[in-house]
Amino acid sequence: VKLLRPTTRVSLNGDAYTALVKANGQFEITGVDTGSYILEVQAIDYVFPKLRLDIEKEQGITRASYTSYGASFESRGYTVEQPLELRAKGPAKYFVERKGFNVLAMFKNPMFLMIGFSALMMFALPKLMANMDPEALKEMSQSQADAQKMVSDMPSLSDMFNNARNQQQQRL
């Protein structure tokens, strides 16, 4: 990374210890106690890897290794040589690019398929009916009439509830 913004910070364990990055890319965090820490670079334009640092008061950094988000604190990645030289993973991407219009995706949509099938049947069924022999047409009409009669003879849902309520009131 050639240029970092002046607001770029390096922090240990969140905000326990922080330092701003100088114009030449160097940073120094002072007064760090002995222990293990997670080093993070907080930059607006770039994404940097996280490092686990093992520090001793007299010796400084004794071990530095890569770690990742979601990994346990005890797990260690590849060891990093000293002095630490951090390279950005890549530019930070904050926005997801919108996909363009896709005709094929439209035809794969279930709603579009149902509408298309219905429209096709609306035009195709009259043509099929015209080509049927009269006996089969009469038989189909009769079966439709029987089905319609059966539906009309069936009580409606509101009638069923009213009858059930009336029977319950008569018992009381």
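The values are calculated or read from the model by the stated rules, or taken from the named source; none is laboratory data. As the structure is a computational prediction, the values presented were derived from the model and not from experiment. Note that we place each Cβ from the backbone using ideal geometry, even for glycine, and neighbour counts take in every protein chain shown.
Scanning the range 85-108 for residues that are in a loop (DSSP other than H, G, I, E, B), touching a residue at least 40 places away in the same chain (Cβ under 8 Å) and farther than 30 Å from Gly60 by Cα gives a single hit, Ala92. Entry remark, the range 109-125: residues being part of a helix (DSSP H, G or I) and either in contact (Cβ under 8 Å) with a residue 12 or more places away in the chain or surrounded by 10 or more Cβ atoms within 10 Å (Cβ to Cβ) (or both) number 11 in total.
Cβ separations smaller than 6 Å between residues 6+ apart or across chains give the following pairs from the range 19-31 residues that are under 10 Å from Arg5 (Cα atoms) to residues that are among the hydrophobic types (A, V, I, L, M, F, W, C): Val21/Leu4; Val21/Phe27. In the condition set (1) farther than 17 Å from Val10 by Cα; (2) among the hydrophobic types (A, V, I, L, M, F, W, C); (3) in the same structural domain as Gly14 (by TED's automatic domain parsing), Phe107 is compliant with all but (3).
So in the range 1-18, with the set limited to residues that are farther than 22 Å from Ser68 by Cβ and without any contact (Cβ under 8 Å) to a residue 40 or more places away in the chain, which one is nearest to the chain's Cα centre (by Cα)? In this case the residue turns out to be Thr7. Checking each residue in the range 19-55 for being among the β-branched types (Val, Ile, Thr) and either loosely packed, with under 15 Cβ neighbours inside 10 Å or in contact with a Phe, Trp or Tyr (Cβ under 6 Å, 6 or more places away or on another chain) (or both) picks out Val21, Ile29, Thr30, Val32, Thr34, Val41, Ile44, Val47.
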